Amino acid sequence: MYGPIVAIVGRPNVGKSQLFNRIIGVRHAIVEETPGVTRDRVYAHTEWNGKVFTLVDTGGIDSEPAGDSMEELTIIQTKMAISEADVVWFVVDTASGLMPHDHDVADILRKSGRKVIVVANKAEGPRHDHYMEFYALGLGPPHPVSAIHGIGIGDLLDKTVDLIADVPEKAEEEGIDDESIKLAVLGRPNVGKSSLVNSILGQERAIVTPIPGTTRDALDTPFVWNNKPFVIIDTAGIRRMAKIDSPVERYSVFRSLRAADRCNVAFIVLDASDMPVSQDARIAGYVEEAGRGMVLVANKCDLIEGGEQGRTRFEQRVRRDLSFIPYVPLVFVSALNNAGISSLMEVAEKVAENYKRRIDTSVLNEVLQEAQFRVTPPQDKGRQLKIYYGTQVSTGPPSFALFMNDPKLMTFSYRRYLENALRESFEFQGVPLRLLLRKRG
């Protein structure tokens with residue numbers, strides 16, 4: 001974590017996610033008029049009066065889950081967030097008033113021993129004075145706020161900063177900083193993304209059930225591997241838009257795709273117990289267009305029939321269906337059995353290095369000249385393409401400006417040939433390359 005932890009807890013549909021979004025200033029958690037929309041813990045880092053802290057949104061605590069395993073897992077996740085927290089915001093609803101379930105949540109918080117602030121949400125208009133009844137919870141004076149209108153937020157943050165003033169920053173303790181390698185875990189529903197995240201982290205970080213779609217938000221978790229800081233982003237399963245009929249799922253898919261835009265390396269998780277489908281190629285194509293590093297992760301490799309021959313058949317099918325990214329490594333893992341995880345992380349670390357690789361201009365031009373010597377550049381109507389020189393203009397992904405007599409003479413095949421020449425000369429496994437064509441003049 002980056003600093004002291006503040007967990008937001010309470011009954012379902014009291015406005016926890018609205019408060020979370022109000023504080024961090026972006027629409028980060030899904031907000032829908034449906035109880036229980038937030039299921040997993042959602043982390044975000046924020047600052048108030050110079051104090052940096054981590055805000056954690058959680059699923060609602062319902063004291064009567066009615067045997068629903070999903071609700072029981074949500075309660076477990078919320079209790080884990082409480083155990084990690086330095087301060088807990090206990091959100092209650094002034095519109096509905098003090099409810100029996102509020103007392104149940106208060107009992108959980110008293111047993112936790114954590115510092116608690118009772119946040120009386122929806123205290124706008126004529127309901128502003130109705131928060132006094134929450135004194136009965138025995139957790140101190142309630143703080144009236146309106147997350148939707150921004151009322152009382154400053155006072156709440158002032159009180160919070162006072163409570164965490166003596167808590168040390170944790171970024172330096174855990175070696176996590178802005179240079180962290182950001183890993184996004186992407187794939188279709190039920191291919192084992194959350195299981196993979198939990199296997200890498202070594203804890204039940206994300207809810208895992210056989211039910212597709214149990215992860216809805218993109219979930220960021222910092223961790224350290226091989227003495228290097230990482231942030232892993234678990235995401236909701238990405239189905240074809242034509243098959244999505246829920247606004248919550250549609251927004252979840254949008255959030256998953258945005259996770260690809262903010263990562264260094266994306267794990268494209270495939271179900272190794274079945275052959276790839278067209279949606280796997282669509283997801284990989286989106287990541288390639290976003291210019292991010294990639295690793296293909298064949299999860300559930302323990303379920304492959306036919307041993308090594310079965311693995312070979314699967315890899316051949318992957319290479320055929322995803323032929324547009326031949327440079328991306330494929331790693332077989334079993335998240336359930338923790339098999340192949342170390343190899344996967346080693347590959348991810350290498351791809352992250354390649355993602356930021358910079359090539360000296362003189363060496364780059366030697367490779368370009370040699371490539372033109374081996375294969376003559378194309379010509380059209382008597383005019384031949386001439387590449388005078390090249391230079392790397394950026395990393396993440398590595399991008400190269402090539403200066404030539406006429407970019408219109410560049411063909412797709414020769415452009416691909418030049419890209420392959422760069423890959424043969426330099427280590428760019430798992431990383432897309434950008435060739436920017438410039439006319440010298």
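What the table shows:
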{"quantity": "Pairs, first within 18 Å of S394 (Cβ to Cβ) in region 353-375, second assigned to a loop (DSSP other than H, G, I, E, B) and hydroxyl-bearing (S, T, Y), C-beta under 8 Å, six or more apart", "calculated": "Y355/T395; K356/T395; R357/T395; R358/T395"}
{"quantity": "Number of positions in region 285-310 that are surrounded by 15 or more Cβ atoms within 10 Å (Cβ to Cβ) and either under 24 Å from the mean Cα position of the chain (by Cα) or not assigned by TED's automatic domain parsing to the domain that holds M345 (or both)", "calculated": "15"}
{"quantity": "Restricting region 367-407 to residues that are part of a strand (DSSP E or B) and among the hydrophobic types (A, V, I, L, M, F, W, C), the residue that is surrounded by the fewest Cβ atoms within 10 Å (Cβ to Cβ)", "calculated": "V393"}
{"quantity": "Hits in region 319-362 - residues which are charged (D, E, K, R) and either within 21 Å of the chain's Cα centre (by Cα) or not in a loop (DSSP other than H, G, I, E, B) (or both)", "calculated": "R319, R320, D321, E346, E349, K350, E353, K356"}
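The values are calculated or read from the model by the stated rules, or taken from the named source; none is laboratory data. Please read these numbers as outputs of a predicted model, since none were measured by experiment. Every residue, glycine among them, receives a Cβ derived from its backbone with ideal geometry; neighbour counts consider all protein chains shown.
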